[in-house]
Every structure is written in structure tokens, then in C-alpha cells.
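For reference, the structure is listed below as C-alpha cells.
The values are calculated or read from the model by the stated rules, or taken from the named source; none is laboratory data. From a predicted model like this one, the values you see are computed outputs, not experimental measurements. So basically every Cβ, Gly included, is an ideal-geometry build from the backbone, and we count neighbours across all protein chains shown. The protein model used for the area step is the full one, side chains on, heavy atoms only, and it has no ligands, DNA or RNA in it. Shrake-Rupley method; radii C 1.70, N 1.55, O 1.52, S 1.80 Å.
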Amino acid sequence: TYRITLGANGIVTPAELVVPPGTRVLFTNSHSVTHDMSSDPHPGHDQCPEVNQVGLLRTGETRETGNLVIVRTCGFHDHNDPDNRSLHGRIVIR
């Protein structure tokens, strides 16, 4: 399982994850704040629509992206805090 965690410290780990085509990535929110994880760029969120399936994550929740089948780099961020670089990351499909 490929996994990205929003840590208790409010930092995305890992900030970059490399996965093979066809993968789903599981996001887990271990932070005390709700986050709305979305594809770059803000506010259009159209770079990698599969990432938008993660969406709103309350504390303790987990949700998967859609199948990431296209070889590319998918940036993501918290839609509600788009300037917070600690909540930015990239999924590299190759």
C-alpha cells in the first residue's frame, strides 16, 4: 500500500511519493485539524482529478485517490490552506 500521512505536526509525509501506473494512494489524517486534499493547481484542481477523490479528511480518517494510470507528476495541497507549504506534496507516477 502506498500511503501519505498528514502528521500530528501538520506536515505531509512523504512530501514526494513515486508509484507505478495504476496505483491508488491512501491518505491518512493524523493531524488535529480537518484538511481538504486537492490536486494542484489551486483553485482549479484539474492537474490530476484522481487526487480530488481524497477530499475532506477529518482527524483519523483515511481515503484513497482514484487509480493513477497516466505517467505524470501530480501535485497536491490542502484546498482550505493552499499557501501552507507543509501541506503540499507530489505523487510521481512512473
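Odds and ends about this structure:
- Working note: Karplus 6.51/-1.76/1.60 with θ = phi - 60° gives region 22-30 the couplings x, 7, 10, 10, 8, 9, 10, 9, 9 Hz, where Gly and Pro are set to x.
- Amide H contacts of HIS42: none lie under 5 Å away among residues 5 or more positions distant or on a separate chain (H built 1.01 Å from N in the peptide plane; Pro and chain starts excluded).
- The chain - percent of accessible surface contributed by carbon and sulfur, probe 1.4 Å: 48
- Mean Cα-pair separation over length for the chain, i.e. relative contact order, pairs under 8 Å, 6 or more apart, %: 33
- Per-residue Karplus couplings for region 56-68, computed as 6.51 cos²θ - 1.76 cosθ + 1.60 with θ equal to phi - 60°, are listed in order as 6, 10, 7, 3, x, 7, 10, 7, 9, 6, x, 5, 8 Hz, Gly and Pro entered as x.
- Percent antiparallel among DSSP beta bridges (both partners in the chain, rounded to 5): 65
- Formal net charge of residues neighbouring GLY66 (Cβ-Cβ distance under 14 Å; K, R +1; D, E -1): 0
- The 3J(HN,Hα) values that the Karplus relation (6.51, -1.76, 1.60; θ = phi - 60°) gives for region 73-78 are, in residue order, 10, 10, x, 9, 7, 8 Hz. Gly and Pro appear as x.
- Gyration tensor (alpha-carbon) shape descriptor, region 39-94, a/c threshold 1.5: oblate
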